[in-house]
Structure formats: structure tokens, C-alpha cells
Amino acid sequence: MRTVYTFVSMLLFAVTFSYAQDLALVREGDRFGYIDKSGNYVIEPQFKKAKSFSDGLAAAQKDDLWGFINASGQWTIEPQYEKVKYFNSGIALVNKNGEWQYIQKSGEGLEVPAADKYYDFKDGAAIYKKLDKVGLLGTNGQLLVEPTYESIKKIRNGHAKVQKGVYWGMINTKGETVIPVEYEELGNEYHPSGVEAKKNGAFGIIREGTFYPIEGADKVWGFYGDASLTYARKDKKVGFVNNQGEWIIAPTFDKVRAFSGGLAPAANGKLWGFINEKGETVVDFKYRDAEVFSVDGLAPVKEKRWGFIDKTGNLVIPMEYDITAGLAFLAGKQQKGFRDGLVRVKTKKGWGFLDEKGALLGDKWFENAEPFVSIK
């Protein structure tokens, strides 16, 4: 029986994997289409306007009306809306005849309590506003959290920052209190290593219900990725602290960015380099700008334009490009460098994707290109 179960599990995984693909929205001429990671069109350019895939569907426009297509380019929800937002948690906001409403992937509407404003779903919940109070709405159309807060900020990583009076806390999308509403300032994003905050005039880190003040800090930033350190400022200089608020790298830098892969960009004066978790210089301070390393082991660095170095500081891709995180809905803290073996860049020829050796995907430039999105 165990052998049969293992075989069935492997078969299901193989079937699921075989249908997974990554697609990027691109514009060629005056029409939008979608390419795969070979650079070939999966959906030919045919739409006047379109958006990146989200939750397995993409919004596209036909005859000035919006509908939704699947990864084969087939209409799953016919064009009938004046405006649309992205699908998330199986729900999307659409505007028809001047009114916003929620729909499900079937195209059926979702009945919800009357609200004064409608918000996108994220991680199974949406902000719900009634009069001057806000709560959370569930994907079944019922309230998860009654509107008792003055403010609820954007849902991130299954959590949301909430306000009562002048104080801030954090709840999860079940409405459970994760951080009590007792902080003067609070980070916007939950991170398992800790959340930056201010209490009784002191800046510090909240970890497992305990607030750890950082000696002398007048600002602190949030944790990034799987890094064990984040950065804070003291006396106009920046250094790194752990999640118990202890200075691990003294605040001696003018600017820094997050650790990733054991290295962090840091600036002395106007020049950027990279340091390790001991604060030692690994890549000399010689760039006009620098971004974090991706999991692919390359980091963007800038002189007049952007190129990419490896962790030894060797220039792998020449400084000939512009970079940006893109306009896709998923941007947020999205890194500007490589993601899953490709990076989105711009030149005078247009937008395109480079691999880790600097080769242009499909040997083609586009009028616009958005980051790849995984579709299952």
C-alpha cells in the first residue's frame, strides 16, 4: 500500500509540475501578448491592453472592455467590465456600469455586506470599510473582523498593520492579534525574524511578543528574506542589528541595503560596495549605486548604467542597462536583480530579459516587458 501511495503522489506531482509555467506580459508594437522563458509567444500579441497573470488568470481588454484569460489565451470571463483589478485568493474587484463588485473565477458575483469602499483581496482577506471604521472581509463574503479599527494597512504575508487611537499593532487574516496595539510606530510587514517598531520613544525589534530596544537608534528598517540582521540608524550613520536589538555591525555607513546571500550593499560617502555579516569589506566601495544579491548569486551595480557582479566582485554582465522592479502588482519589495535565472532590463532598443551570462532571451527587445509570473 505504501508503494502504491508513493507512486500516486509522484504521479500527481509530475502532472502538477507539467502544467506549471512562467509567463511574462510584453508589448510589441501596439499590442500585448505573453512569452515563456524560452522567449517564445504562448499568447500572441493581440490585446490593446493587458495585465500580468495573477492567481492563474490575466486581465485583458477587447473592444474597450475588460475580461480575463487563462494561460492558453482563452477567455474564461468574457470582456464586460470598464475596469478590473487582479485576482487574488480566487476573488477580483471589477467595475461594471460605474459600480465596483467582487467576482469569483467562475465569473459569479460574491455577495458582501455594503461597504463605503472596496479593497483587493490578499492572502484570503480584504480590508472592509464602513463609516470611519475598518475590519476584514473573508473570501466567503462574511466578515472575518468587525470594523473596529481606525485603520488597517495593506495585507502582507498574511498579516496587516492595524490602528486604534494613536497606537499600532498587527493581526493575521484570521483576525487574531499577533502584535498588541500598543506601539507608536510599527513596520508595515510581518517577518518571522521580527518586526521593527517604536515604543515609549525608543526604536527596536518585536520578536515573539517581546520588544527589544536598540541603543541610540532613531530609525530601524524591516528584515529582508532569510537574513538574520536588519539595519538601523544612530547619529546619522547606519549599521546592522539582530532581532534582539543588539548592534552587530556598528553604525558607520552613510547608507546600506539588506543582507542577501551573506552580503549587503553599503555606502561610504557617495560610493557603494559590499560587506559581509562581520562588517568586513568584500567588494570595494567604487560604485555609484548597488542593489542586493539575488539567489542566483548576482547583484546589480551602477556607474553610469547598471551591470551585474558576482560575490567576488567580478563584473559578469557589463554596465549597459537600466533596471527596475517593474509595474506588476507583485512588485512591493521585489528585488531589481535576477529572479529564477532571468533579469528584466532596458536599453535604447527596448525592454528584454537577460540570462546569467548576459544573453538576451529570444534575441528580442520589446516596447515593454513585465516580470515573469508562475502559473499553475
Candidates K198, K219 - the one that is surrounded by fewer than 19 Cβ atoms within 10 Å (Cβ to Cβ), more than 30 Å from G138 (Cα to Cα) and not small (G, A, S): K219
Filter the range 290-319 for residues that are more than 25 Å from the chain's Cα centre (by Cα) and assigned to a loop (DSSP other than H, G, I, E, B); which is surrounded by the most Cβ atoms within 10 Å (Cβ to Cβ)? G313
Does any residue of the range 359-369 turn out to be at pLDDT 95 or above, in contact with an Asp or Glu (Cβ under 8 Å, 6 or more places away or on another chain) and open to solvent by 20 Å² or more (accessible area, probe 1.4 Å)? yes
Residue match in the range 273-288 (condition: touching a Phe, Trp or Tyr at 6+ places or on another chain (Cβ under 7 Å), among the β-branched types (V, I, T) and either without any contact (Cβ under 8 Å) to a residue 60 or more places away in the chain or surrounded by 14 or more Cβ atoms within 10 Å (Cβ to Cβ) (or both)): yes
Pick from the range 320-348, criterion among the polar types (S, T, N, Q) and surrounded by fewer than 20 Cβ atoms within 10 Å (Cβ to Cβ), ranking: modelled with the highest pLDDT: T347
Determine if the range 141-149 includes at least one residue that is of a type in the set (G, A, S) and assigned to a strand (DSSP E or B). no
Within the range 248-269, take every residue that is surrounded by fewer than 17 Cβ atoms within 10 Å (Cβ to Cβ) and more than 18 Å from A299 (Cβ to Cβ) and give me the one that is modelled with the lowest pLDDT. G269
Given (1) open to solvent by less than 30 Å² (accessible area, probe 1.4 Å); (2) touching a residue at least 24 places away in the same chain (Cβ under 8 Å), K154 misses just (1)
Considering only the range 100-108, I want to know if a residue exists there that is aromatic (F, W, Y) and open to solvent by less than 20 Å² (accessible area, probe 1.4 Å). yes
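The values are calculated or read from the model by the stated rules, or taken from the named source; none is laboratory data. What you see is a predicted model; the values in this text were computed from it and never measured. When we count neighbours, we look across all protein chains shown, and the Cβ atoms used for this are built from the backbone with ideal geometry, even at glycine. The area values use the complete protein model at the heavy-atom level, side chains included, leaving out ligands, DNA and RNA. Shrake-Rupley method; radii C 1.70, N 1.55, O 1.52, S 1.80 Å.
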